[in-house]
Amino acid sequence: MDTLSLLQHYWWFIISLLGALLVFLLFVQGGQGLLYVMGRTEAERDRIADVLGRKWELTFTTLVTFGGAFFASFPLFYSTSFGGAFYVWTAILLVFVVQAVSYEYRRKPANVLGLRTYEAFLMLNGVAGPLLLGVAVGTFFTGAEFTVDRMNIADLGGNTSISQWATPWHGLEALADPRNLLLGAAVFALSRVLALHFFLNNFADEPMRRRAQRLSGGYALLFLTAFLAFFGWLLCSDGRTIDPATGAVSLEPYKYLHNLLAMPIVAAVLLAGVAGVLAGIWSGWRSGSRRAIWFSGAGTILAVLALLLIAGWNDTCYYPSLTDMQSSLAITNSSSSLFTLKAMSVVSLLIPFVVAYIWYAWRALTRPLAERADEGQEQGY
């Protein structure tokens, strides 16, 4: 493996890890969607908003970093998907923006829109955020309607855009694919399972803990149904493979199954992740264990990491084109230059420090309100 290929695989791993962390952190969205299900009184809803409000910035920051990493390392995907499927990505951005505004103004005295409006915004983000992100990621496997022609850049008298979207729906057509909706439903349900496990870990109030324990079983069943249906289809589906020597793209039956067999370490990571999620679901539903979030959270990160790795490694086209097969994007034909990847790899050496800061921030923001009040910090969201 030459240096360019090594860096392309390295940066796909980084993006996959960021995507896995993002899916885990969607427990914030899952909890917001349960605001009126878990919170029967105003005081309970305030408690939920406060415990989630100390974490929402981690999710938002990870989402932005995920997009930024794609822009820097695989700019052709960024221009194709973000520039072509802009209706979907704009909708995702908007529901995350209203989340930020809601946490800022929900408890402000005499706010114009009122408490209920901002709580509705939080619930909108809690439902639409995970669902739309799941649908968007589903296109990594199901494909999208676009073409890529690098010769357009030399067309001085016409459209010089390399990528062209082939439908006027600009990404909304992904919502009509049942396979994308299955993954969207799985991410939605998983976000709620993780949120309920997070509540079990953070709440001492027994009625709320029993509520979380009871609800976790139903959402776990929805998650397992949707995920197993999607994963079963994935193992049996054809995939696009690219010839690294010629750049030609062809169909390969059972491509993602072959990827797991060709990469046993990735398969082991996937199995470990699934086992972790199942352990978290069992411990959370059966005994209301406070440790359920650590099992399900770690399992989510490992499982999503493995799924994204089989989408891009082993000469797989991670963004198949349904309009023109040869326009499908792989890490070899959509990456930045060797110089850019090298420069970013040096910067990526700071990642352990970033992870350490996130862990510090997580612990600091989980402190009880009384401790933060002693330091003069704002007491709630």
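Values computed for the structure shown
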{"read-out": "Acute angle (nearest 10 degrees) that the helix 3-25 long axis makes with the longest principal axis of the chain, alpha-carbon atoms", "value": "30 degrees"}
{"read-out": "Mean ellipticity per residue at 222 nm, deg cm²/dmol - from DSSP H runs of n ≥ 4 across the chain, formula -39500 (n - 2.57)", "value": "-22000 deg cm²/dmol"}
{"read-out": "Difference of contour (0.36 nm per residue) and Cα-Cα distance, ASN111 to ALA343", "value": "78.9 nm"}
{"read-out": "Nearest-ten-degree value, helix 351-365 long axis tilted from longest Cα axis of the chain", "value": "20 degrees"}
{"read-out": "Dipole magnitude (debye, nearest 20) for region 30-174, charges at Cβ of Lys, Arg, Asp, Glu", "value": "520 debye"}
{"read-out": "Mean projection area, nm², convex hull over Cα of region 185-245", "value": "5.9 nm²"}
{"read-out": "Apportionment of accessible area to carbon and sulfur, region 2-133, percent (1.4 Å)", "value": "72 percent"}
{"read-out": "With Cα atoms, 0 to 90° folded angle of helix 178-202 axis to the chain main axis", "value": "30 degrees"}
{"read-out": "Relative packing of 313-319, 86-92, which averages over residues the other C-beta atoms within 10 Å, highest first", "value": "313-319, 86-92"}
{"read-out": "Estimated Rh, region 31-76: Kirkwood, alpha-carbon pairs, angstrom", "value": "12.4 Å"}
{"read-out": "Contour excess over end-to-end distance, with Cα ends at GLU42 and ALA356 and 0.36 nm allotted per residue", "value": "109.5 nm"}
{"read-out": "Given (i) 16.5; (ii) 17.9; (iii) 20.5, the label whose value is mean projected area of the Cα convex hull in nm² derived from this model", "value": "(iii)"}
{"read-out": "Amide hydrogen neighbours beyond the local backbone of SER336, cut-off 5 Å, H modeled", "value": "PHE74"}
{"read-out": "Burial order of peptide ranges 63-75, 254-266, 10-22 (average beta-carbon count within 10 Å, highest first)", "value": "10-22, 63-75, 254-266"}
{"read-out": "Where region 148-234 is the region considered: accessible area per residue in Å², 1.4 Å probe", "value": "47 Å²"}
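The values are calculated or read from the model by the stated rules, or taken from the named source; none is laboratory data. Being a predicted model, the structure only gives us computed values, none of them experimental. Note: ideal-geometry Cβ built from the backbone for every residue, glycine included; neighbour counts use all protein chains shown. Side chains are part of the model used for accessible areas, which takes the heavy atoms of the whole protein and leaves out ligands, DNA and RNA. Shrake-Rupley method; radii C 1.70, N 1.55, O 1.52, S 1.80 Å.
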